[in-house]
Amino acid sequence: MGLTKFISAYRIAHRLPGRVRIHIPILARLPEEWWPFIEPSVEIIKMKSGIISAEIQPVTGSLLISYDSDQIDEARILNWLETLVNDFIKLGMPPQPLTQTDIRYRFSLLRNRLSQEVVP
């Protein structure tokens, strides 16, 4: 799965109907200066119909998603996350390393693209 290649190995840490906690080790290594990008990430994740809330905890390396199980299931959530990662990467590769300005610009482009599309 492409998602695992980008965000390292992930695993479902816990699940209940309508709620899934995904452990993403790379989040626990996210430098504190990058934490301001958590909020835009959450906003984009919640653009998918059926996702009620998303919460990223960089200290524990987890992503908690609450969702309406009548509208979306766990597999579609994981596909959505993979789509977001792939679309984010496709926005073009700026010079390495990425700067906060590069990331902010990419989030803006991705949010605009997604807002113009129907996100079923």
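The values are calculated or read from the model by the stated rules, or taken from the named source; none is laboratory data. Worth saying up front: this structure is predicted, and the values here are computed from it rather than measured. For neighbour counting, all protein chains shown are included, and Cβ atoms are generated from backbone atoms with ideal geometry for every residue, glycine included.
Just for strands (runs of 3 or more DSSP E) wholly inside segment 1-93: which have at least 2 residues that are modelled with pLDDT under 85 and under 19 Å from Leu109 (Cα atoms)?
Details: elements: 11-16, 19-23, 51-57, 62-67.
Here the list is empty.
Based on this model, can you work out whether Arg19 counts as in contact with a Phe, Trp or Tyr (Cβ under 8 Å, 6 or more places away or on another chain) and not acidic (Asp, Glu)? Before you say what the answer is, go through the steps one by one.
Working: in contact with a Phe, Trp or Tyr (Cβ under 8 Å, 6 or more places away or on another chain): yes; not acidic (Asp, Glu): yes.
Taking the combined requirement at face value, the residue satisfies it.
With the structure loaded, tell me whether Arg104 is modelled with pLDDT under 85, among the basic types (Lys, Arg) and not in a strand (DSSP E or B) or whether it fails that test.
Details: modelled with pLDDT under 85: yes; among the basic types (Lys, Arg): yes; not in a strand (DSSP E or B): yes.
Considered against the rule, which asks whether it is modelled with pLDDT under 85, among the basic types (Lys, Arg) and not in a strand (DSSP E or B), Arg104 comes out as yes.
In the set Pro36, Pro17, Pro25, Pro31, which member is in contact (Cβ under 8 Å) with a residue 12 or more places away in the chain and under 21 Å from Asp102 (Cα atoms)? Break it down into steps so the answer makes sense when it comes.
On the way: Pro17 fails: under 21 Å from Asp102 (Cα atoms); Pro25 fails: under 21 Å from Asp102 (Cα atoms); Pro31 fails: in contact (Cβ under 8 Å) with a residue 12 or more places away in the chain.
Residue meeting the stated conditions: Pro36.
Regarding segment 31-48, can at least one residue be identified that is among the basic types (Lys, Arg), surrounded by 12 or more Cβ atoms within 10 Å (Cβ to Cβ) and under 16 Å from Leu114 (Cβ atoms)? Break it down stepwise before answering.
Residues of segment 31-48 among the basic types (Lys, Arg): 46, 48.
If we keep only those that are surrounded by 12 or more Cβ atoms within 10 Å (Cβ to Cβ) too, we end up with 46, 48.
Pick out the ones that are also under 16 Å from Leu114 (Cβ atoms) and you get 46, 48.
Yes, because at least one residue in segment 31-48 is among the basic types (Lys, Arg), surrounded by 12 or more Cβ atoms within 10 Å (Cβ to Cβ) and under 16 Å from Leu114 (Cβ atoms).
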